[in-house]
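> My structure is below; once you've seen it, I'll send some questions.
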Amino acid sequence: MSKVYFMHIRNIDGLNRISNFGGTTIAYREIPSGVEYAEAWCSDQDNFNKAYGRAKASGRLNSANYVRRFSGTFSQFREAVATNVI
């Protein structure tokens, strides 16, 4: 298995500040045909916790029920996430 990487995406509040509540963690790794990834979402009522998000997303990355595939490079994947394509 290749190395697992993580992205943490935080919610923005009404005053354009990073909110303590809600967010998404994405676990992803390289595969021969591109990138496979899985997401873990934090409720808008719960405090965002990076460690819990990493544990949940990496567990989902190893589950056929949650894993998704992206056909492209790491940089293309990161760009797709940054521009809300994924």
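The values are calculated or read from the model by the stated rules, or taken from the named source; none is laboratory data. Note that the structure is predicted; figures quoted are calculated from it, not measured. Don't worry about glycine lacking a Cβ; one is built from the backbone with ideal geometry, like all the others, and counts go over all protein chains shown. Just so you know, the surface numbers come from the protein's heavy atoms only, side chains and all, with ligands and any DNA or RNA stripped out. Shrake-Rupley method; radii C 1.70, N 1.55, O 1.52, S 1.80 Å.
Matching residues to (1) within 12 Å of the chain's Cα centre (by Cα); (2) of a type in the set (Lys, Arg); (3) on the phi > 0 side of the Ramachandran plot:
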{"position": "Val4", "(1), (2), (3)": "yes, no, no"}
{"position": "His8", "(1), (2), (3)": "yes, no, no"}
{"position": "Thr24", "(1), (2), (3)": "yes, no, no"}
{"position": "Gly34", "(1), (2), (3)": "no, no, yes"}
{"position": "Trp41", "(1), (2), (3)": "yes, no, no"}
{"position": "Gln45", "(1), (2), (3)": "no, no, no"}
{"position": "Arg54", "(1), (2), (3)": "yes, yes, no"}
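> Out of (1) in a helix (DSSP H, G or I); (2) free of Cβ contacts under 8 Å to residues at least 24 places away in the same chain; (3) within 13 Å of the chain's Cα centre (by Cα), what's the single condition that is false for Ser75?
Every condition holds for Ser75 apart from (3).
> Of everything in the range 61-72 that's in contact with a helix residue (DSSP H, G or I) (Cβ under 9 Å, 6 or more places away or on another chain) and either assigned to a strand (DSSP E or B) or open to solvent by 70 Å² or more (accessible area, probe 1.4 Å) (or both), which residue is farthest from Tyr28 (Cα to Cα)?
Here the answer is Tyr66.
> Are there any pairs, at least 6 apart or on different chains, whose C-beta atoms fall under 7 Å, with the first in the range 9-28 and farther than 17 Å from Tyr66 by Cβ and the second among the basic types (Lys, Arg), and if so, which?
Close Cβ pairs (under 7 Å, with a partner that is among the basic types (Lys, Arg)) amount to Ile18/Arg10; Ser19/Arg10; Gly23/Arg10.
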